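Visitor: Have a look at the structure that comes next, please.
The values are calculated or read from the model by the stated rules, or taken from the named source; none is laboratory data. Given the structure is predicted, the values throughout are model-derived calculations rather than measurements. Positions of Cβ are generated from backbone atoms using ideal geometry, with glycine treated the same way; all protein chains shown enter the neighbour counts. Note: areas computed on protein heavy atoms with side chains; ligands, DNA, RNA excluded. Shrake-Rupley method; radii C 1.70, N 1.55, O 1.52, S 1.80 Å.
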Amino acid sequence: MTRLLLPAFLFLTTLCAAAKPEETASWAVPVPGFTAPLPDEHPRLFFRKSDLPELRKRAQTPEGKAVIARLRVLLGGGEAMPTSYNDQTRAYEKKQDYPEGTYSISHAAGFGFLYQLTGEKKYAQLGRECFEKAWAGVRDCDSEARYSWVAPGGMLRAGPTLGWYALGYDLCHDGWDADFREKVAAEIQNYDQQEKGKGAEGSGSPISLDRLAVSPKHPPGSNHYGAQVGGAAMALLAIRGDAGTDSAKIEKWLAGAEKNLVVEMAQGWGDHGWFAEGDGPSGVAADTSLIPAFQAMRVAGGKDFITPRPDVPWMTMKWPMLTRLAPGFKKGNEVFPLHSTTYDHNVYARHGFSGSGQFAQGFGTILPEQKPALLWLYDRMFKAADAAAGAPFDTVSMYPHRAILAFLNWPFSTAEKNPAEVLPHAVEDKRAAHYVFRNRWQDADDIIVDALLKGSRGHYDVKPGGIIVWGLGEKTQFPVRVSGDVAKFTASETGGVISTGAGSFGVDFSKASGADAVLVLAGPIQGAIAAKQKGKVAICQVNAANDHTFVLMTLSATGQHPAATADGEKLKLGPQTISYDGTALTFEK
């Protein structure tokens, strides 16, 4: 592929070297009117006791009843312990699917939520039995038995395991006797297991809560890091100050977890949703416990990571920005541009642990004004199929905690809005040098341009320079890779322009040329691009005066493309003129 000439500072690294101390303080703001939970005051992680009257009212609405009915299915009925269990004795023993309702790491939480809504202690006692199963070594419903209190399949699996059992403790707490409460809190604090798995996850290394919180295994650009820190943060918030715990230890470890949440976001993620290993691995990093941890930090910790910066909300808002509309979506449908195919099966996997819950969890960690756009996407892509499957409101996953979060977070009274009313048409992820342009949100013919100018890595590398073009039913790549430092980015309602200091790339959706989309690269180009047209996509190169070179791609729904010719130093594209001043492109309407 032809390459734009650039200085030799191409990047293949984590997204930035470190979070600067002065930046760390800007990641969270105090929650107005927050009152810290008292010792042994529960529930606390995702809602407080004062919220219960409204939640019980919600449980009587048609939507609330539908989610609770689904929660009962996921619990195996909800009135007794489930009858289906994973029969594996260690992680990765085999790969086998289990039916809905099979015992999971969030069954205790599911029974605890029924206790909170009804006040009936029998549900808290079922939650107690879940903990006893966990301590006896009963593994989770995961097909490879990776999630388990005893001998989980690595620290990646231990973090979410502790986090979701901690939610069970939080929700069942008041329905237990004091001795059992203390026993559970102490077991969470003093968690002491060893990795049991294969490869890097089967080394036999010790796993403890303090290690997950303070010294997570793997770098922040790895999909493993966020799952460890997110689960640890939830666990620490759940037991903080309670009988059976050491307050000095918990405060120290919680401070470490909070610091590492910032490290994860600053070094593993871009500021608008890019993840160092790509979008497939991002589901492991975000969906297992990281996104819910930020919601718990606000509700139980009084620290809001959601409002002051775009970073946390855009872990979720990248989905409406980049998803190609495909109503009636089925697993395996390609609806998302991917710069890396590592774990690409996680993108909208929906039924497992990773790559699911983006809506049920996501509504809890985005801004109020963003919720109508996320709702619009869900309604177009998944609502009908989920309802038909008896799994409304993004509860298709086998995990009970997803139904809990759907119940708590879903904006039932909010009217959806077309994302064009909420989101920009061009988005810069500055830290990751990732740029997305979109002409509209309407149907499968929407045009999406996705440019990654800086490579990144965790355990898996993502190469820089690729520009994915997907629209009018065609998926292709811009013929030149563009990578390097970005000097300037400008956006408009009809596209935007990136200047790298050694060239400029622009996208125009104005239709001023007669084409539906125009993509242009101007700068010192090595080699020549042969003109070609295939259906709705055309590519050519125009060499103008004074060494001004333009590489051009047009998309046209009619298959008719405007003629491209040199006009002095400028590019004439049908009736449109495009100029380059050595720094930036200008589209003259």
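Visitor: Within region 449-471, restricting attention to residues that are open to solvent by 20 Å² or more (accessible area, probe 1.4 Å) and out of contact with any helix residue (DSSP H, G or I) (no Cβ under 9 Å at 6 or more places or on another chain), which residue is nearest to residue 432 (Cα to Cα)?
Guide: Filtering first and then ranking leaves 454.
Visitor: Can you tell me how many residues in region 62-87 are open to solvent by less than 60 Å² (accessible area, probe 1.4 Å) and either in contact with a Ser or Thr (Cβ under 7 Å, 6 or more places away or on another chain) or modelled with pLDDT under 95 (or both)?
Guide: Looking only at that region, the number is 6.
Visitor: So which residues in region 114-142 are in a loop (DSSP other than H, G, I, E, B) and in contact (Cβ under 8 Å) with a residue 60 or more places away in the chain, if there are any at all?
Guide: Residues of region 114-142 in a loop (DSSP other than H, G, I, E, B): 119-120, 136-142.
Scanning region 114-142 gives 141, 142.
Visitor: Let me ask you something else. I'd like to verify a number: residues in region 530-551 that are open to solvent by 60 Å² or more (accessible area, probe 1.4 Å) and not in a helix (DSSP H, G or I), how many? Walk me through how you get there before you give the answer.
Guide: At the first step, the residues of region 530-551 found to be open to solvent by 60 Å² or more (accessible area, probe 1.4 Å) are 530-534, 536, 543, 546-547.
Then drop every residue that is not not in a helix (DSSP H, G or I), which leaves 530-534, 536, 543.
Here the count works out to 7.
Visitor: Here's a follow-up. Can you name every residue in region 307-325 that is in a helix (DSSP H, G or I), open to solvent by 10 Å² or more (accessible area, probe 1.4 Å) and within 19 Å of residue 262 (Cα to Cα)?
Guide: Pass one, region 307-325, residues in a helix (DSSP H, G or I): 311-322.
Now narrow it down to the ones that are open to solvent by 10 Å² or more (accessible area, probe 1.4 Å): 314, 319.
The answer is 314, and nothing else.
Visitor: Within region 376-395, track down each residue that is open to solvent by 10 Å² or more (accessible area, probe 1.4 Å) and in contact (Cβ under 8 Å) with a residue 12 or more places away in the chain. First the steps, then the outcome.
Guide: Initial filter on region 376-395 (open to solvent by 10 Å² or more (accessible area, probe 1.4 Å)): 376, 379-380, 383-385, 387-390, 392-393.
Passing the criteria: 376, 379, 380, 384, 385, 390, 392, 393.
Visitor: For region 151-186, enumerate the residues that are at pLDDT 95 or above, under 24 Å from residue 87 (Cα atoms) and surrounded by fewer than 24 Cβ atoms within 10 Å (Cβ to Cβ).
Guide: Result: no residue meets the conditions.
Visitor: Is it the case that residue 110 is over 28 Å from the mean Cα position of the chain (by Cα) and surrounded by 14 or more Cβ atoms within 10 Å (Cβ to Cβ)? Spell out how you get there, then give the answer.
Guide: Working: over 28 Å from the mean Cα position of the chain (by Cα): no; surrounded by 14 or more Cβ atoms within 10 Å (Cβ to Cβ): yes.
The answer is no for residue 110.
Visitor: Still on this structure, please answer the following. Residue 441 - would you say it is within 30 Å of residue 364 (Cβ to Cβ), over 18 Å from the mean Cα position of the chain (by Cα), touching a residue at least 40 places away in the same chain (Cβ under 8 Å) and assigned to a strand (DSSP E or B)?
Guide: Numbers: within 30 Å of residue 364 (Cβ to Cβ): yes; over 18 Å from the mean Cα position of the chain (by Cα): yes; touching a residue at least 40 places away in the same chain (Cβ under 8 Å): yes; assigned to a strand (DSSP E or B): no.
Answer is no for this residue.
Visitor: Further, regarding this structure: Which pairs do you get when a residue that is touching a residue at least 24 places away in the same chain (Cβ under 8 Å) and within 11 Å of residue 393 (Cβ to Cβ), found in region 57-70, comes within reach of a residue that is assigned to a helix (DSSP H, G or I) and open to solvent by 30 Å² or more (accessible area, probe 1.4 Å), reach meaning Cβ atoms under 6 angstrom, with the pair 6+ apart or on two chains?
Guide: 64/58
Visitor: A further question follows. Restricting attention to region 543-562, does a residue exist that is modelled with pLDDT of 95 or more, among the small types (Gly, Ala, Ser) and closer than 26 Å to residue 501 by Cβ?
Guide: Scanning region 543-562 turns up no residue that is modelled with pLDDT of 95 or more, among the small types (Gly, Ala, Ser) and closer than 26 Å to residue 501 by Cβ.
Visitor: As an exercise: evaluate residue 282 against (1) surrounded by fewer than 23 Cβ atoms within 10 Å (Cβ to Cβ); (2) under 25 Å from residue 424 (Cβ atoms) and give the number of the one condition it does not meet.
Guide: (1) is the only condition that residue 282 fails.
Visitor: Please determine whether any residue of region 260-268 is open to solvent by 30 Å² or more (accessible area, probe 1.4 Å), acidic (Asp, Glu) and under 26 Å from residue 153 (Cβ atoms).
Guide: no
One line per residue, one yes/no per condition, for (1) crowded, with 20+ Cβ neighbours inside 10 Å; (2) closer than 21 Å to residue 338 by Cα:
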{"position": "401", "(1), (2)": "yes, no"}
{"position": "407", "(1), (2)": "yes, no"}
{"position": "410", "(1), (2)": "yes, no"}
{"position": "434", "(1), (2)": "yes, yes"}
{"position": "437", "(1), (2)": "yes, yes"}
{"position": "443", "(1), (2)": "no, yes"}
{"position": "447", "(1), (2)": "yes, yes"}
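Visitor: Can you find a residue in region 517-524 that is over 18 Å from residue 579 (Cβ atoms), touching a residue at least 40 places away in the same chain (Cβ under 8 Å) and open to solvent by 10 Å² or more (accessible area, probe 1.4 Å)? Step through it out loud before you land on a result.
Guide: Start the filter on region 517-524 by keeping residues that are over 18 Å from residue 579 (Cβ atoms), which leaves 517.
Next cut, touching a residue at least 40 places away in the same chain (Cβ under 8 Å) only: 517.
Checking which are open to solvent by 10 Å² or more (accessible area, probe 1.4 Å) leaves us with none.
No - not one qualifying residue is present in region 517-524.
Visitor: Here's a follow-up. Across region 351-375, what is the number of residues that are aromatic (Phe, Trp, Tyr) and out of contact with any Leu (no Cβ under 8 Å at 6 or more places or on another chain)? Spell out how you get there, then give the answer.
Guide: Step one: of region 351-375, the residues aromatic (Phe, Trp, Tyr) are 353, 359, 363.
Narrowing the set further to residues that are out of contact with any Leu (no Cβ under 8 Å at 6 or more places or on another chain) leaves 353.
Qualifying residue count for the region: 1.
Visitor: Can you name the residue in region 130-146 that is more than 22 Å from residue 181 (Cβ to Cβ) and touching a Phe, Trp or Tyr at 6+ places or on another chain (Cβ under 6 Å) and, of all such residues, is most open to solvent (accessible area, probe 1.4 Å)?
Guide: Within region 130-146, the subset more than 22 Å from residue 181 (Cβ to Cβ) is 137, 139-146.
If we keep only those that are touching a Phe, Trp or Tyr at 6+ places or on another chain (Cβ under 6 Å) too, we end up with 140-141, 144.
Working: 140: 1, 141: 7, 144: 36 Å².
Looking at the filtered set, the residue picked out is 144.
Visitor: Now for a different question. Restricting the first residue to region 498-516 and requiring it to be part of a loop (DSSP other than H, G, I, E, B), which pairs with a second residue that is among the aromatic types (Phe, Trp, Tyr) and modelled with pLDDT of 95 or more meet a Cβ separation below 8 Å and a spacing of at least six or different chains?
Guide: 509/437; 510/587; 512/587; 516/509
Visitor: Hey, another quick one. Listed residues 554, 565, 583; which is assigned to a loop (DSSP other than H, G, I, E, B) and not aliphatic (A, V, I, L, M)? If you could, list the steps in order and put the result at the bottom.
Guide: Details: 554 fails: assigned to a loop (DSSP other than H, G, I, E, B); 565 fails: assigned to a loop (DSSP other than H, G, I, E, B).
From the options 554, 565, 583, the qualifying one is 583.
Visitor: Given the criteria surrounded by fewer than 19 Cβ atoms within 10 Å (Cβ to Cβ) and more than 25 Å from the chain's Cα centre (by Cα), does residue 527 qualify? Break it down stepwise before answering.
Guide: Values: surrounded by fewer than 19 Cβ atoms within 10 Å (Cβ to Cβ): yes; more than 25 Å from the chain's Cα centre (by Cα): yes.
Yes, satisfied.
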